[in-house]
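The values are calculated or read from the model by the stated rules, or taken from the named source; none is laboratory data. These numbers were taken from a predicted model, which means no experiment stands behind them. Positions of Cβ are backbone-derived with ideal geometry, glycine not excepted, and every protein chain shown enters the neighbour counts.
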């Protein structure tokens, strides 16, 4: 059930327009950046520098090549345009930020990241009834799922 007819098309058009405005080299298939390319991100605020400058680079350079699974649409699914899915962006951003934090723990960081973050988030993302339902690496991005229905909250409740 779509709450506002045509909202999916409007959102798709806005996302397409934003993608068209990005510099083409930002999305090009280039060689992975070296450690020097990543150096310095995050240092300005006193935080440890980020290894990956953003979630897109994290997904492209670490997650996709490392977290390999068979994608058949029945048991697992994936959208090659994951950035068109709010839940996809949210979960992948959470994975990236957790990885950036836990990579600094040389003893257990990566194990904790896999157990507590990557495995549950990727299970939700790859679930055939998850946010990428209707998408596939072969067919590409499919129709969006409808948002969860919500009634108006009674006045003064919150």
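Restricting attention to the stretch 79-99, the residues that are within 20 Å of residue 138 (Cα to Cα) and crowded, with 19+ Cβ neighbours inside 10 Å add up to 5.
Checking each residue in the stretch 99-129 for being in contact with a helix residue (DSSP H, G or I) (Cβ under 9 Å, 6 or more places away or on another chain) and over 19 Å from residue 68 (Cα atoms) picks out 100, 101, 102, 103, 105, 108, 109. Would you mind stating whether residue 117 is surrounded by 13 or more Cβ atoms within 10 Å (Cβ to Cβ), within 26 Å of residue 83 (Cβ to Cβ) and free of Cβ contacts under 8 Å to residues at least 24 places away in the same chain? It is true that residue 117 is surrounded by 13 or more Cβ atoms within 10 Å (Cβ to Cβ), within 26 Å of residue 83 (Cβ to Cβ) and free of Cβ contacts under 8 Å to residues at least 24 places away in the same chain.
Per-residue answers, yes or no, for (1) closer than 30 Å to residue 47 by Cα; (2) touching a strand residue (DSSP E or B) at 6+ places or on another chain (Cβ under 9 Å); (3) surrounded by fewer than 18 Cβ atoms within 10 Å (Cβ to Cβ); (4) without any contact (Cβ under 8 Å) to a residue 60 or more places away in the chain:
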{"site": "70", "(1), (2), (3), (4)": "no, no, yes, yes"}
{"site": "111", "(1), (2), (3), (4)": "yes, no, yes, yes"}
{"site": "135", "(1), (2), (3), (4)": "no, no, no, yes"}
{"site": "140", "(1), (2), (3), (4)": "no, no, yes, no"}
{"site": "143", "(1), (2), (3), (4)": "no, no, yes, no"}
{"site": "147", "(1), (2), (3), (4)": "no, no, yes, no"}
{"site": "155", "(1), (2), (3), (4)": "no, no, yes, yes"}
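Taking the stretch 104-141 as the range and being more than 17 Å from the chain's Cα centre (by Cα) and in a loop (DSSP other than H, G, I, E, B) as the test, the residues that pass are 104, 105, 106, 107, 108, 138, 139. Please verify whether residue 88 is more than 20 Å from residue 55 (Cα to Cα) and either in contact (Cβ under 8 Å) with a residue 12 or more places away in the chain or not in a loop (DSSP other than H, G, I, E, B) (or both), treating the condition exactly as stated. In short, no.
The single residue among 69, 139 that is modelled with pLDDT under 95 and in contact with a helix residue (DSSP H, G or I) (Cβ under 8 Å, 6 or more places away or on another chain) turns out to be 69.
Pick from 53, 80, 48: which is in contact with a strand residue (DSSP E or B) (Cβ under 8 Å, 6 or more places away or on another chain) and farther than 20 Å from residue 114 by Cβ?
80
Tallying residues that are in contact with a helix residue (DSSP H, G or I) (Cβ under 8 Å, 6 or more places away or on another chain) and either more than 15 Å from residue 89 (Cα to Cα) or not in a loop (DSSP other than H, G, I, E, B) (or both) within the stretch 142-158 yields 1.
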